[in-house]
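Accompanying notes for the structure given below.
The values are calculated or read from the model by the stated rules, or taken from the named source; none is laboratory data. None of the values given here were measured: they were computed from a predicted structure. Note: ideal-geometry Cβ built from the backbone for every residue, glycine included; neighbour counts use all protein chains shown. To get the accessible areas, we keep the full protein, side chains included, count just its heavy atoms, and leave off ligands, DNA and RNA. Shrake-Rupley method; radii C 1.70, N 1.55, O 1.52, S 1.80 Å.
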Amino acid sequence: MIIESTAPTRVDLAGGTIDIWPLYLFHPGATTVNFGISLNATCRIETRDDDQIILESRDRGVTFETRLADVAELAREERLELISKLVHFFRPETGFHLVVESAAPAGAGLGGSSTLAIACIGALNRLVGDRYPPSKFIVIAANVETTVIRVPAGFQDYYGAFYGGANAILFNADGIRREPIYVDPEEMERRVVICYTGEPRLSGINNWEMFKTHVDGDPTIFHLFDGIRDAGREMRTALSAGDWGRVAEIMRAAYPNRKRLAPNITTPHMEALVETALSNGALAAKVCGAGGGGCIAFLCEDGGRESVERALSAGGAAEVLKWSFARDGLIVRES
């Protein structure tokens with residue numbers, strides 16, 4: 001049997017960091033807005049006739065083997081730690097070869113590890129006979145990944161990976177709810193440029209620093225998080241209405257507030273890229289994920305994308321990523 005699963009990464013437009021439990025509980029109406037892109041994470045499982053388990057990451061160039069009898073040891077395995085812990089969680093009863101690959105650059109701020117978790121959960125759950133309903137996938141992914149990064153995980157990445165499309169993720173005391181935002185995919189592709197700075201970052205570190213500062217109770221930080229909440233709500237309204245001018249205004253207003261919250265969200269190289277893009281047709285910039293490196297998304301004037309891409313690519317300053325709007329989320333196929 002061969003099982004193949006794919007899930008899209010995401011670009012977050014507003015409301016990041018407030019998606020970490022329990023921070024959103026202190027800011028009623030907390031909302032995060034993101035959309036899926038075609039830089040997919042993939043997982044392929046081929047069953048074997050013996051008790052051997054082979055775990056392989058193509059993009060990291062790491063492969064190792066174990067046996068069904070030793071699955072319990074995967075809970076402490078540091079090689080391919082996320083995949084190992086997921087295999088330990090599902091405890092398959094047949095040998096298999098699992099191969100993962102991610103099209104997003106490492107440390108890109110596009111939710112790559114969370115997306116990989118969703119893709120692996122979809123495939124492993126099928127391998128064990130659909131033990132869990134899909135409604136459990138996001139909770140499983142968040143709980144297992146938290147044990148890997150060893151700090152609280154934000155939830156928005158899992159929703160982008162699971163559902164695809166454009167999403168408003170609403171955080172309330174009675175739970176988390178996702179609402180689709182209906183956008184024109186072609187216009188989104190015309191207006192948004194995503195570049196990789198070449199500086200990978202660790203989202204868990206940046207988010208943990210902001211988390212600790214919030215928990216310390218600084219009123220200035222609470223005010224800034226209220227601003228993150230408000231930007232998310234306003235973005236949901238503007239994007240739903242197709243009001244790109246308002247989308248740009250929200251992004252521009254959020255950028256300096258993000259820097260006040262976490263000064264290391266940008267680097268000198270990132271600042272230079274933002275200045276270059278804004279001088280060549282970009283209307284606003286959004287550092288993807290927790291920042292400190294990774295990717296930057298730029299909203300461009302209609303028809304201005306090519307000018308921004310040329311400026312960012314000049315002299316090898318940044319890698320402009322090729323992507324398309326991901327209409328679908330997690331897909332699992334079996335043959």
Handout entry: Filter result for C120 (under 27 Å from I3 (Cα atoms) and at pLDDT 95 or above)
Key = yes
Exercise for the section: From D226, D328, grab the single residue that is in contact (Cβ under 8 Å) with a residue 60 or more places away in the chain, in a helix (DSSP H, G or I) and among the acidic types (D, E). Expected result: D226
Exercise for the section: Would you check if D59 is among the charged types (D, E, K, R), modelled with pLDDT of 95 or more and either surrounded by 15 or more Cβ atoms within 10 Å (Cβ to Cβ) or at negative phi (or both)? Expected result: no
Practice task
Please go through the range 240-274 and pick out each residue that is part of a loop (DSSP other than H, G, I, E, B) and of a type outside the set (A, V, I, L, M, F, W, C).
Solution key: G242, D243, T266, T267
Problem - Check on G16, in contact (Cβ under 8 Å) with a residue 60 or more places away in the chain, outside any strand (DSSP E or B) and in contact with a helix residue (DSSP H, G or I) (Cβ under 9 Å, 6 or more places away or on another chain) - result: yes
Practice task
Test I45 against the stated conditions and say whether it is assigned to a strand (DSSP E or B), open to solvent by less than 10 Å² (accessible area, probe 1.4 Å) and either at pLDDT below 95 or touching a His at 6+ places or on another chain (Cβ under 8 Å) (or both).
Solution key: yes
Exercise for the section: Among the candidates G217, G129, G198, single out the residue that is touching a residue at least 60 places away in the same chain (Cβ under 8 Å), on the phi > 0 side of the Ramachandran plot and not in a helix (DSSP H, G or I). Expected result: G198
Exercise for the section: Please name all residue pairs, on different chains or six or more residues apart, with Cβ atoms under 7 Å, provided the first residue is in the range 246-266 and is hydroxyl-bearing (S, T, Y) and the second residue is at pLDDT below 95. Expected result: T266/K259; T266/V287; T266/G291
Handout entry: Single match in A123, A104, A142, A108 (criterion: open to solvent by 10 Å² or more (accessible area, probe 1.4 Å) and hydrophobic (A, V, I, L, M, F, W, C))
Key = A104
